[in-house]
Amino acid sequence: MARMFRVLGFFTLTTGLMAFAGGMIEMALLFFLQTAFFVIMGYMKFTEKTYILLFWGYMIVTFTGFSYWTIFEMGLPL
């Protein structure tokens, strides 16, 4: 499970690099922070249950933030 967190770090790094190359600096920084989080957590040697709970917590925070942003910050398409 720790290896999967490092894999997630790799994918968020590639997404951050593509965003940086595309000029989306804020998005790139957000993905670089996620990369640091995943890589650090990947080397912490937690139990499988802890990794699963960390991932569920990450998903709840991410989907809540994404839903808030798309509903309240982006506005309704007219």
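The values are calculated or read from the model by the stated rules, or taken from the named source; none is laboratory data. A quick note: this is a predicted structure, and the numbers were derived from the prediction, not measured. All Cβ positions, glycine included, derive from the backbone under ideal geometry; neighbour counts span all protein chains shown. The protein model used for the area step is the full one, side chains on, heavy atoms only, and it has no ligands, DNA or RNA in it. Shrake-Rupley method; radii C 1.70, N 1.55, O 1.52, S 1.80 Å.
Below are the figures for this structure:
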{"read-out": "Protein-only accessible surface order, largest first, of TYR68, TYR51, TYR58, TYR43 at 1.4 Å", "value": "TYR43, TYR68, TYR58, TYR51"}
{"read-out": "Cβ-Cβ FRET estimate between MET74 and LYS49, R0 fixed at 30 Å, reported to 0.05", "value": "0.25"}
{"read-out": "q = 0.21, 0.23, 0.30 Å⁻¹, the range 16-76: log10 I(q)/I(0) [Debye, one scatterer per Cα]", "value": "-0.95, -1.02, -1.12"}
{"read-out": "Helix-only mean residue ellipticity at 222 nm for the chain, each DSSP H run of n ≥ 4 adding -39500 (n - 2.57), per residue, nearest 500", "value": "-26000 deg cm²/dmol"}
{"read-out": "Model label zone, MET4; criterion: amide N under 16 Å from point 7 Å along Cα-to-beta-carbon; scope the range 45-68", "value": "45-60"}
{"read-out": "Solvent-accessible area per residue for the chain (1.4 angstrom probe, square angstrom)", "value": "79 Å²"}
